[in-house]
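Trainee: Quick one: the structure is below, and I'll ask about it shortly.
The values are calculated or read from the model by the stated rules, or taken from the named source; none is laboratory data. Remember, predicted model here, so these are calculated numbers, not experimental data. Glycine gets a Cβ as well: all are built from the backbone with ideal geometry, and neighbour counts include every protein chain shown.
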Amino acid sequence: MPAKQGQITFTSFGCLLFSYLSGFSTLFLIEAKFLNQDVWMAYSIGMALSFGILWLLHRTQIRLPNLTMLEVFDHALGKLFSRVVLCFYLVYLLEIQGDASQALTSFYRSVVLPNTPTNSILLMLALTTTYAVSVGFHAIVRSVLLALPFFLLGIAFILLMISQDVHTNPFLPPFRHSAALIGYGGLLSFFLPFGKSIVFCFLFDRIGSGRKKMASIFAALFLAGLYLCAATYLTFGSLGMRLTSHSLFPFFSAIQLVKLGEYLERIEIMIIGIWTLFTVFEIIVLQYIFVQLFTHVFRIQRPKWFVLPIGLLFFAISERSFREVYDQDYYNSHIAPFSTLIPTVVIPLLLFVVGSIRLKRLSGA
Amino acid sequence: MLHAGIAVLVLTYGTIVGVISMRRKRGRDALWLVLLCCLTSLYELPHIGANMLTVEKAHKLVYGPIARTVMSKLGIGD
């Protein structure tokens, strides 16, 4: 079915969500360090929880199908309260983008550009994402569709090469951790990467309604989970549990083991280029949604003029956050799983409950 | 230098676009733009910016004790 004017297809939406989730998901593998071979359970919990929350948001939105999600927030919660609630999302987006920008910068500084100052990489990143946001949503989606085949090809190739070093199933024996630890791992994987998908509810109006929307979301979540599971499996298989737990970027360490022939060493650099491109897409989408929310919350008439200052605010905040890489590791494994619960779980549940009472009356009237 | 340059750039941008917005009867846009630019430039000031509250610092203050309690209850050490 062709997309309506101003909308994108379900496939494009799914590809955008997949690229958004897959960019930075395999960088630290925090939950894998906690749960070792039982990590797939954490991924399943994270995926199921994210899909459930997005389904609730979808159910709320289809009560008023002609409105954007932001307008649905206004109708369901009242204008003033909805603005307060949306401010939580603004803070959440700042938190996630700071985390992603610093993660990408620390990765680049550790692996490729050790002599480049952090500020310079962050500034380049901010200017790139600002430009991407200024060219518009459709251009972002088209560039994702263009980059996705290269990403899939590169990652499939590298996974195939790593698999040659794996001789036993590292996910065996299962159920070696307590239910509490598996639950906490689920919370970790819900924070990163699956729970980040909740902000895609603000893009629901960019695709048509119906079952295909949820099917594309499910496909994207499932494929992102599959990719994450494969990356973890191969990392454990090639590095072993102990080295994976002690490595800062375990999947990258596994990629480094790949040697193709005698002369084509450092093939991982090419793969990193494609791999980190998706983290940039993630920050672009976050910045785009931030501009949309900011425009709505503060009733801005001309959002284009705010793109550059918002990009520079992103730069300033990410520069002042997570100064040390171990600070970031601690934050991601101890603080963020709790701090992100309000925008990713509490508010969607509140919207669903209040919306099912108030919007039923509105749609019936 | 980079910080000072960005602070000046963002303040100049805020002033010019803010004035244009005011002339086009978009006072609210101008107000929020100037506030946003001032906030960004404050973060860029060398001594003030480093001590300003960020989302990370605020969340560590608010959620740190909660996280520690939950994790000790679950038996997950640091």
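Trainee: Out of all the residues in the range A:118-164, which are closer than 18 Å to A:Ser101 by Cβ and without any contact (Cβ under 8 Å) to a residue 12 or more places away in the chain?
Mentor: Within the range A:118-164, A:Ser120, A:Met124, A:Tyr131 qualify.
Trainee: Enumerate the helices (runs of 4 or more DSSP H) found wholly within chain B, keeping only those where 2 or more residues are touching a Phe, Trp or Tyr at 6+ places or on another chain (Cβ under 8 Å) and modelled with pLDDT of 90 or more.
Mentor: Result: B:2-23, B:27-44, B:55-74.
Trainee: Taking the range A:326-343, which residues are aliphatic (A, V, I, L, M), within 8 Å of chain B (Cβ to nearest Cβ) and more than 15 Å from the chain's Cα centre (by Cα)?
Mentor: Selection gives A:Ile335 alone.
Trainee: Which numbered condition in (1) at the interface with chain B (Cβ under 9 Å from one of its Cβ atoms); (2) without any contact (Cβ under 8 Å) to a residue 24 or more places away in the chain is the only one that A:Val346 fails?
Mentor: Unmet condition: (1).
Trainee: Applying the selection to the range A:46-79, what residues are over 16 Å from the mean Cα position of the chain (by Cα) and within 18 Å of A:Pro337 (Cα to Cα)?
Mentor: A:Gly52
Trainee: Any residue that is more than 24 Å from A:Pro303 (Cβ to Cβ) and out of contact with any Leu (no Cβ under 7 Å at 6 or more places or on another chain) - is there at least one of those in the range A:127-143?
Mentor: no
Trainee: Does at least one position in the range A:197-211 carry a residue that is among the acidic types (Asp, Glu), touching a Lys or Arg at 6+ places or on another chain (Cβ under 7 Å) and at pLDDT below 90?
Mentor: No, every residue in the range A:197-211 fails to be among the acidic types (Asp, Glu), touching a Lys or Arg at 6+ places or on another chain (Cβ under 7 Å) and at pLDDT below 90.
Trainee: Now for a separate question. Among the residues that make up the range B:51-73, is at least one of them within 25 Å of A:Arg299 (Cβ to Cβ), over 13 Å from the mean Cα position of the chain (by Cα) and surrounded by fewer than 14 Cβ atoms within 10 Å (Cβ to Cβ)?
Mentor: Within the range B:51-73, not a single residue is within 25 Å of A:Arg299 (Cβ to Cβ), over 13 Å from the mean Cα position of the chain (by Cα) and surrounded by fewer than 14 Cβ atoms within 10 Å (Cβ to Cβ).
Trainee: Let me ask something additional. How many residues are facing chain A (nearest Cβ under 9 Å) and under 17 Å from B:Gly5 (Cα atoms) if we restrict to the range B:19-78?
Mentor: Matching residues across the range B:19-78 total 10.
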